[in-house]
Structures are given as C-alpha cells and as structure tokens.
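Undergrad: Pasting a structure here, questions to come.
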Amino acid sequence: MKLRLFLIALAWIGSLFCALAQPRSYHAPKAQGQIRIDGRLKEADWARAPFSEPFADIRGVDFQPAPTKETRVKMLWDKDYLYIGAFLEEDAVTATLREHDSIIFHDNDFEVFLDPDADGRTYFEIEINAFGTVMDLLMDKPYKDGGHFFLPWDCRGLKSAVKVEGRINRDGTPDRGWTVEMAIPFDALQVEFVNPRTLNPWRINFSRVEWLVPGGPEENWVWNPTEVVDMHVPDRWGLLYFEP
C-alpha cells in the first residue's frame with residue numbers, strides 16, 4: 001500500500017513537472033498585407049492566424065471552476081510590429097477607467113506580458129479595458145525577486161483599438177463580447193541595444209481579469225497558466241515563435 005501511494009505521488013509530481021516544463025506555444029504567421037488597427041480583425045492575414053486554445057484559470061488547465069467565459073488570442077508580425085488580436089466573450093461589457101495609466105485591472109481587462117529575450121528579468125506589460133484605455137509599464141524583474149514596476153514607461157508607437165459587440169455599460173439585451181487589436185512596435189521593446197525582432201522565441205503570456213462579483217475577488221484567466229496566482233513569473237509563460 002505504501003509503495004502504491006508513493007508511486008501515485010511520484011506520478012502526480014511528474015505530471016506537474018511536465019505541465020510546467022511544456023508551456024503552450026504559438027507560431028505567428030508573417031502578415032503579407034497592411035493591418036488596420038480597428039478592433040475588427042477582418043484582414044485576410046488575420047484569417048490565416050489561428051486562435052489560441054481557450055484561456056484557463058491561472059492555477060492550471062484542470063483547475064475548477066473553469067472560466068465561465070471564453071477568451072482566445074491570435075498573433076501576426078511584420079518587420080515593424082507584433083500584432084495581437086483577442087476576443088473576450090462577455091454578456092455584459094463594462095468599463096469605468098478612461099485615463100491613460102489608470103490601474104486598468106480595477107476594470108475587467110485584457111493584459112499582455114512580453115519578455116522578448118526570455119531572460120526572466122526585464123519585461124513589459126500592457127493592459128486595456130473595453131473603453132480602449134491603456135496602462136503600460138516596464139518591470140525590472142519579477143516581484144518575487146524584489147522587482148519594481150516603472151509606470152512612466154510608454155510603449156512608444158503602440159496602436160490599439162477595441163470593438164464591442166453590444167452596448168457598453170448598458171443593461172438589457174445581453175452583449176456578445178469585445179475584441180482587442182494591438183500593433184506593438186518592436187522598437188518600443190528594445191533593451192540594451194538588442195533588436196527584439198531578432199530574438200525567437202519570446203516568452204509571452206496573456207491574462208484576463210474578470211470581476212464576476214462586484215468588489216471581488218477577481219478571476220484570473222490566462223493563456224498559459226503559471227500554476228500560482230501570480231502573472232509575474234516569466235519562466236512559466238508561453239512561447240511565441242515568429243514564422244517566416
């Protein structure tokens with residue numbers, strides 16, 4: 001009996017290790033035409049880019065309860081930009097914050113985390129709500145390592161748009177959701193004179209903060225679960241590959 005329990009525990013630890021060691025990955029096609037940032041994702045290039053797996057709870061793909069609203073993301077790139085498109089299913093789209101660099105996760109939001117050189121140190125975060133209000137910041141290292149955020153950093157040249165399928169902050173007929181579209185300039189993510197476009201793959205992750213109950217606690221639904229309630233663990237993010 002003791003041997004059986006030991007083997008079960010060993011198998012569980014092994015499966016957990018494998019889950020952490022094999023992050024989700026995305027192979028982004030190169031855009032052939034011009035991408036208009038309008039929140040619609042209607043270009044032919046977007047049709048060639050597959051949507052990701054549905055987001056899971058930050059604590060793991062098998063954690064229950066699972067997300068009650070679907071979120072998926074897709075990506076493209078060209079010589080100047082990384083393009084991100086996401087659809088967030090939502091039956092009641094809401095937002096309150098309109099000032100740049102407000103603490104956007106106080107609203108329901110969509111968040112992007114980028115570590116182009118995958119060193120687990122300096123990385124970038126961009127958050128957006130259904131109004132299209134953006135908060136962007138730079139981290140010198142993860143909080144668990146004594147890191148600090150630098151809110152004055154701006155993602156220079158960022159283009160973003162949101163398209164709401166419904167009526168924001170309106171009761172009545174249920175909404176369908178909202179679409180986020182971003183063009184993130186490679187130049188804005190340069191650190192120590194290294195062109196991030198030359199790095200392949202990147203560490204990347206996406207999060208959706210959802211306030212199902214006013215006043216919280218909030219839900220954290222993510223693309224690549226970190227297995228802990230903390231997005232600031234870059235070594236547990238997913239991998240982005242740039243396809244030719």
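The values are calculated or read from the model by the stated rules, or taken from the named source; none is laboratory data. Computed from a predicted model, the values in this text were never measured in an experiment. Every residue, glycine as well, gets a Cβ built from its backbone with ideal geometry; the counts of neighbours run over all protein chains shown. Keep in mind that these areas ignore ligands, DNA and RNA; they rest on the heavy atoms of the full protein, side chains included. Shrake-Rupley method; radii C 1.70, N 1.55, O 1.52, S 1.80 Å.
Undergrad: Based on this model, can you work out whether PHE206 counts as over 24 Å from GLU90 (Cα atoms) and open to solvent by less than 10 Å² (accessible area, probe 1.4 Å)? First the steps, then the outcome.
TA: Details: over 24 Å from GLU90 (Cα atoms): no; open to solvent by less than 10 Å² (accessible area, probe 1.4 Å): yes.
Against the criterion (over 24 Å from GLU90 (Cα atoms) and open to solvent by less than 10 Å² (accessible area, probe 1.4 Å)), PHE206 does not qualify.
Undergrad: In the range 187-203, what residues are within 21 Å of TRP223 (Cβ to Cβ) and either open to solvent by less than 10 Å² (accessible area, probe 1.4 Å) or free of Cβ contacts under 8 Å to residues at least 24 places away in the same chain (or both)?
TA: At the first step, the residues of the range 187-203 found to be within 21 Å of TRP223 (Cβ to Cβ) are 189, 196, 199-203.
LEU189, PRO196, TRP202 - these are the residues of the range 187-203 that are within 21 Å of TRP223 (Cβ to Cβ) and either open to solvent by less than 10 Å² (accessible area, probe 1.4 Å) or free of Cβ contacts under 8 Å to residues at least 24 places away in the same chain (or both).
Undergrad: Only one of (1) within 26 Å of GLU243 (Cβ to Cβ); (2) open to solvent by 50 Å² or more (accessible area, probe 1.4 Å) is not met by HIS148, so which one is it?
TA: (1)
Undergrad: Turning to a different aspect of this structure: Within the range 22-49, which residues are open to solvent by 50 Å² or more (accessible area, probe 1.4 Å), within 21 Å of VAL164 (Cα to Cα) and not in a helix (DSSP H, G or I)?
TA: Result: ARG36, ARG40, LYS42.
Undergrad: Something else about it: Restricting to the range 153-212, what's the tally of residues that are β-branched (Val, Ile, Thr), out of contact with any Asp or Glu (no Cβ under 9 Å at 6 or more places or on another chain) and closer than 19 Å to ASP136 by Cα? Explain how you work it out, then say what you get.
TA: As a first pass, look at the range 153-212 and keep what is β-branched (Val, Ile, Thr): 162, 164, 168, 173, 179-180, 184, 191, 194, 198, 204, 209.
Okay, now just the ones that are also out of contact with any Asp or Glu (no Cβ under 9 Å at 6 or more places or on another chain), so 173, 180, 184, 198.
Narrowing the set further to residues that are closer than 19 Å to ASP136 by Cα leaves 180, 184.
Adding up the residues that qualify gives 2.
Undergrad: Say whether the condition of being of a type in the set (Ser, Thr, Tyr), buried (at least 20 other Cβ atoms within 10 Å of the Cβ) and within 13 Å of MET182 (Cβ to Cβ) is met by at least one residue in the range 64-79. Full working, then the answer.
TA: The first filter runs over the range 64-79 and keeps only residues of a type in the set (Ser, Thr, Tyr), leaving 68, 71.
Still in the running and buried (at least 20 other Cβ atoms within 10 Å of the Cβ): 71.
From what's left, within 13 Å of MET182 (Cβ to Cβ): none.
No: the range 64-79 contains no residue that is of a type in the set (Ser, Thr, Tyr), buried (at least 20 other Cβ atoms within 10 Å of the Cβ) and within 13 Å of MET182 (Cβ to Cβ).
Undergrad: Within the range 100-113, does at least one residue satisfy the condition of being of a type in the set (S, T, N, Q), under 18 Å from THR71 (Cβ atoms) and open to solvent by 10 Å² or more (accessible area, probe 1.4 Å)? Before you say what the answer is, go through the steps one by one.
TA: Filtering the range 100-113 for residues of a type in the set (S, T, N, Q) gives 102, 108.
If we keep only those that are under 18 Å from THR71 (Cβ atoms) as well, we get 108.
Now narrow it down to the ones that are open to solvent by 10 Å² or more (accessible area, probe 1.4 Å): 108.
Scanning the range 100-113 turns up at least one residue that is of a type in the set (S, T, N, Q), under 18 Å from THR71 (Cβ atoms) and open to solvent by 10 Å² or more (accessible area, probe 1.4 Å).
Undergrad: Under 16 Å from the mean Cα position of the chain (by Cα) and not in a strand (DSSP E or B), is that true of GLY132? Outline the logic, then answer.
TA: Working: under 16 Å from the mean Cα position of the chain (by Cα): yes; not in a strand (DSSP E or B): yes.
Yes.
Undergrad: Moving on. Being assigned to a strand (DSSP E or B) and out of contact with any Ser or Thr (no Cβ under 7 Å at 6 or more places or on another chain) is the filter here, so list the residues in the range 90-112 that pass it. Please lay out each step first, then the result.
TA: First, the residues of the range 90-112 that are assigned to a strand (DSSP E or B): 109-112.
ASP109, PHE110, VAL112 - these are the residues of the range 90-112 that are assigned to a strand (DSSP E or B) and out of contact with any Ser or Thr (no Cβ under 7 Å at 6 or more places or on another chain).
Undergrad: Whether any residue in the range 164-177 is in contact with a Phe, Trp or Tyr (Cβ under 9 Å, 6 or more places away or on another chain), crowded, with 17+ Cβ neighbours inside 10 Å and not in a loop (DSSP other than H, G, I, E, B) is what I want to check.
TA: Yes; the residues of the range 164-177 include at least one that is in contact with a Phe, Trp or Tyr (Cβ under 9 Å, 6 or more places away or on another chain), crowded, with 17+ Cβ neighbours inside 10 Å and not in a loop (DSSP other than H, G, I, E, B).
Undergrad: Could you tell me how many of the residues in the range 187-228 are of a type in the set (Phe, Trp, Tyr), out of contact with any Ser or Thr (no Cβ under 9 Å at 6 or more places or on another chain) and within 23 Å of LYS74 (Cα to Cα)? Outline the logic, then answer.
TA: The first filter runs over the range 187-228 and keeps only residues of a type in the set (Phe, Trp, Tyr), leaving 193, 202, 206, 211, 221, 223.
Pick out the ones that are also out of contact with any Ser or Thr (no Cβ under 9 Å at 6 or more places or on another chain) and you get 193, 202.
After this cut, where a residue has to be within 23 Å of LYS74 (Cα to Cα) as well, the list is 202.
Within the range 187-228, residues that are of a type in the set (Phe, Trp, Tyr), out of contact with any Ser or Thr (no Cβ under 9 Å at 6 or more places or on another chain) and within 23 Å of LYS74 (Cα to Cα) number 1.
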